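Working notes, beginning with the structure itself.
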Amino acid sequence: RNAQVEATELLRSALAAVQNLPDSPERSVAELDVVMALGPALINSKGYGAPDVEAVCLRAQELCAVVGDVPQRVPALINLWAFLGARAQHREAVALADTIMELAKEARSDDLLIEASVCVGVSNTFLANFDVALESFERIGAIYDATTHESHRFEYGTDPAALALSYRALVNWFVGNEERSREWSEETEAFARSLNHPFTEVFALGQTMFLRIFDGDLDDAERLLQECRELSAREAIPAVLPEIYAVLLMAERGDPTVPETCQAITDFARFAGLLVLMPYIEAVHADALSARGDHAEAEAMMAASLESMDASDERWAEAEIHRLRGNLLERRGAPATEVEDCYRLALTIARRMGAGGFEARADDSLARWLARS
């Protein structure tokens, strides 16, 4: 059983006991200690976007303000950043990430600099600032020591080096470095397995599965999915992201039940407070509806995808979303110029972002359409 589930129960009891003590500066310090331990335990047992995580993060901020400039201040901000990212509040998350980086540099602490680099790298990945993201993940690789920084995976919920490796692999695919992406993904899987930290392993295997779907290795993606499911069940770890990736795998295989499955998993993700990836998931959902001839529903879902993207500013898949919209237009018999313009828009966006992986897809779709029309 996931030790974090048991830890959560024990820490909740400890928190209740501390809160029953008379109000005093000492009580505030003691409560902050418990709250800071409870945050990562809740992330591992319920997921980054769970309402309980938000409540604990906000309480930690309140206590830091009461106690003053304490060592827990930056870790409390990091937990809040993780919550904002899970909720797809990317503008707020990247602003907080920049603040965390400034505080880490002021403290001259490698421990804080590693986690600050995680925050800056992940937020900029979702905002499609791929150069900034890669620089941040490379910084982690240069600083991280497996022995010195072992405690990070327990203090923050996920091992930062494994997280950085997984994102380096993914972002390298986005920018078109497929060979380098494969190398980093294989290193991610091997390293995560070596840590004996189930939550990190589920995260890393899930991220690698996501990448395998993009690079077309669907059999390996299936293998990773089964491993994620087995490990999540054995350790009582929330497996929302792997199940979202499972829907993407179904879509790549042309499964006709994708729209219903996609709706079910996105409803569950929203219930769990996990809103990240929604623009892309909704676009895949729209593509699956269109493929089976449900054109009106497909258009509505694609409109929801574009609206989600604009609301959250989650841009990493913007080019691919417009390419999928071109598919929709093509299937419903839209005017040839409208279809062509959509594919060209996807190509322009990919080039502007430096997203070579998505540029190749848009280029193929446009070339196919021009040859056909």
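Every read-out reported here was derived from the displayed coordinates using simple, explicitly stated rules and does not represent laboratory data. Since this is a predicted model, take the numbers as computed values, not measurements. Positions of Cβ are generated from backbone atoms using ideal geometry, with glycine treated the same way; all protein chains shown enter the neighbour counts.
Structure data summary
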| item | result |
| --- | --- |
| Inter-site label distance for residue 257 and residue 336 at 7 Å from Cα along Cβ, in nm | 4.1 |
| Space enclosed by the convex hull of the alpha-carbon atoms of the stretch 149-282, per residue, Å³ | 110 |
| Taking only Cα atoms of the stretch 70-220, radius of gyration then Dmax in Å | 14.7, 49 |
| Cα-derived Rg to Rh of the stretch 228-373, Kirkwood definition | 1.00 |
| Along the chain, longest interval not containing exposed trypsin sites (Lys or Arg not before Pro), exposed being DSSP loop plus at most 12 other Cβ atoms within 10 Å | 109-252 |
| Separation of the residue 223 and residue 300 label points, Cα + 7 Å toward Cβ, nm | 4.2 |
| Stretch gain in nm, segment residue 19-residue 92, where the contour uses 0.36 nm per residue and the Cα spacing is subtracted | 23.2 nm |
| Nearest 10 degrees, 0 to 90: helix 278-291 Cα axis against the chain principal axis | 30 |
| Under Karplus coefficients 6.51, -1.76 and 1.60, residue-wise ³J(HN,Hα) of the stretch 146-151 in Hz, glycine/proline x | 4, 7, 4, 10, 4, 5 |
| Helical contribution to [θ] at 222 nm, DSSP H n ≥ 4, -39,500 (n - 2.57), averaged over the chain, rounded to 500 | -26500 deg cm²/dmol |
| Hz values of 3J(HN,Hα) by residue in the stretch 215-230 - Karplus curve (6.51, -1.76, 1.60), Gly and Pro given as x | 8, x, 8, 6, 5, 5, 4, 5, 4, 5, 4, 4, 5, 4, 5, 5 |
| Centroid-to-centroid separation of the stretch 78-153 and the stretch 187-248 [C-alpha atoms, Å] | 22 |
| Size-normalised alpha-carbon gyration radius of the chain, reference 2.2 N^0.38 Å | 1.03 |
